[in-house]
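Notes follow once the structure below has been shown.
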Amino acid sequence: MEEARPTPLLQDVEGTRRKLESWLSERLGHSVHIPRLAIPESTGMSNVTLLFDTQWQDGGETRRESLVGRLQPKVERPVFPDYDLSLQYEVMESVGRHSDIPVPRLRGLELDKSVLGVQFYLMKHVPGRIPTDMPPYNMDGWMLHETTEAQRASMWRAGIDVLARFHRLDYRELGLQRLEAGGRTPLQQQLLYWQAYLEWALEGRGHAICQRALDWLQANQPAEEPTVLCWGDARIANMIFAESLDQVAAVLDWEMAVLGNPVQDLAWYNHLDATFAEGLGLPRLPGLPGYQETIQQWEQASGFEARDYDYYRIFAGMRFGLILSRIMLSSGQDAEIQGNFACQILAGQLEQLG
């Protein structure tokens with residue numbers, strides 16, 4: 001997976017450090033020093049993430065705060081056609097202000113590209129542990145080597161608990177009406193988006209497997225769905241867990257936030273775990289609750305029924321299949337555009353439909 005990483009490392013680390021010092025100093029009204037920047041490589045596939053400490057003098061005392069920066073990607077072939085950092089920032093700010101869902105405290109959004117060459121936002125660093133994306137946590141990393149089965153079960157269930165509480169929020173009370181589809185259902189809006197994404201991501205090549213999935217999804221849309229704010233990328237690798245591993249300290253990565261049926265987040269949560277286990281020929285980590293048990297926990301905690309779960313499993317498989325196909329194309333692995341493991345899992349799911 002590492003050779004397929006679509007987000008490049010930051011080219012001018014020192015220059016970025018100085019520019020952030022200047023930006024923060026002007027914004028906060030006092031001289032801010034950033035000793036160094038660090039760039040984690042174990043998580044994320046579509047953004048540049050910066051970790052750094054800030055220092056400043058206040059009344060003769062040295063103050064410190066650890067921050068995280070998320071930078072809009074600047075690559076020739078990005079994973080997504082558009083990155084609305086302002087929407088990500090607005091969702092996090094609103095969820096953090098109006099609910100008990102743990103999100104990082106925000107420290108500023110900059111949409112003027114003249115500062116760093118790309119848009120970016122800063123948030124307070126949340127201490128804790130994040131399951132690794134690269135390599136996937138089922139393959140290697142601290143979850144595999146440093147946790148017990150009971151701790152893994154606690155992590156998984158804590159993630160579902162947060163997801164269920166999140167789905168009980170009213171997006172109107174959060175002030176996020178701008179996400180409404182405008183004459184279409186949220187699902188219709190999403191299907192239009194992913195059809196356009198296929199055409200953009202594959203650069204005119206087409207995609208037999210994902211197109212078949214899109215056609216099936218279009219023809220079999222559920223009726224009378226609930227509409228809530230969906231996280232979009234719900235998975236434990238987008239959560240910071242407390243050191244005790246029994247609660248979620250923060251929920252990360254809101255770039256795919258959208259209105260829709262909350263079952264789509266539940267299906268994504270399970271599907272991504274399965275894809276990075278059986279899809280890679282690996283067993284799931286012992287201790288992780290089963291997918292049916294996960295569905296039951298979510299139903300009980302959220303108050304929603306998962307009656308459209310099978311539909312949204314295909315929806316999840318189509319979305320991730322297209323995203324990974326884009327990554328394969330972007331990294332020059334043309335043979336894997338439709339041959340990658342995510343698409344092969346989706347093809348198997350479609351065959352089961354008959």
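The values are calculated or read from the model by the stated rules, or taken from the named source; none is laboratory data. Everything numeric in this text was worked out from a predicted model, so none of it was measured. Note: ideal-geometry Cβ built from the backbone for every residue, glycine included; neighbour counts use all protein chains shown.
What to note about this one:
- Matching entry among Gln352, Gln292, Gln297 (being assigned to a helix (DSSP H, G or I), at pLDDT 95 or above and over 22 Å from the mean Cα position of the chain (by Cα)): Gln292
- Residues that are touching a residue at least 24 places away in the same chain (Cβ under 8 Å) and within 24 Å of Glu224 (Cα to Cα), drawn from the stretch 283-299: Thr294, Ile295, Gln297, Trp298
- The residues on offer are Glu336, Glu351, and the sole one that is free of Cβ contacts under 8 Å to residues at least 12 places away in the same chain, farther than 30 Å from Arg178 by Cβ and buried (at least 16 other Cβ atoms within 10 Å of the Cβ) is Glu336.
- Some residue of the stretch 198-214 being in contact (Cβ under 8 Å) with a residue 40 or more places away in the chain, among the aliphatic types (A, V, I, L, M) and at positive phi: no
- Out of Val91, Val95, Val75, sole residue that is touching a Pro at 6+ places or on another chain (Cβ under 8 Å), outside the structural domain of Asp233 (by TED's automatic domain parsing) and not aromatic (Phe, Trp, Tyr): Val75
Okay, residues lined up against (1) surrounded by 18 or more Cβ atoms within 10 Å (Cβ to Cβ); (2) aromatic (Phe, Trp, Tyr); (3) closer than 15 Å to Leu20 by Cβ:
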| position | (1), (2), (3) |
| --- | --- |
| Gly60 | no, no, no |
| Gly69 | yes, no, yes |
| Phe80 | no, yes, no |
| Ser86 | no, no, no |
| Met92 | yes, no, no |
| Val95 | yes, no, no |
| Val103 | yes, no, no |
| Lys113 | no, no, yes |
| Thr132 | yes, no, no |
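- Selection within the stretch 300-317 - crowded, with 22+ Cβ neighbours inside 10 Å and farther than 20 Å from Ala219 by Cα: Ser302
- Qualifying residue in the stretch 326-341 (condition: touching a Cys at 6+ places or on another chain (Cβ under 7 Å) and either assigned to a helix (DSSP H, G or I) or modelled with pLDDT of 95 or more (or both)): no
- Residue pairs meeting the criteria (Cβ under 9 Å; at least 6 apart or on separate chains; first without any contact (Cβ under 8 Å) to a residue 12 or more places away in the chain and of a type outside the set (Phe, Trp, Tyr), in the stretch 309-332; second part of a helix (DSSP H, G or I) and buried (at least 23 other Cβ atoms within 10 Å of the Cβ)): Asp310/Ala267
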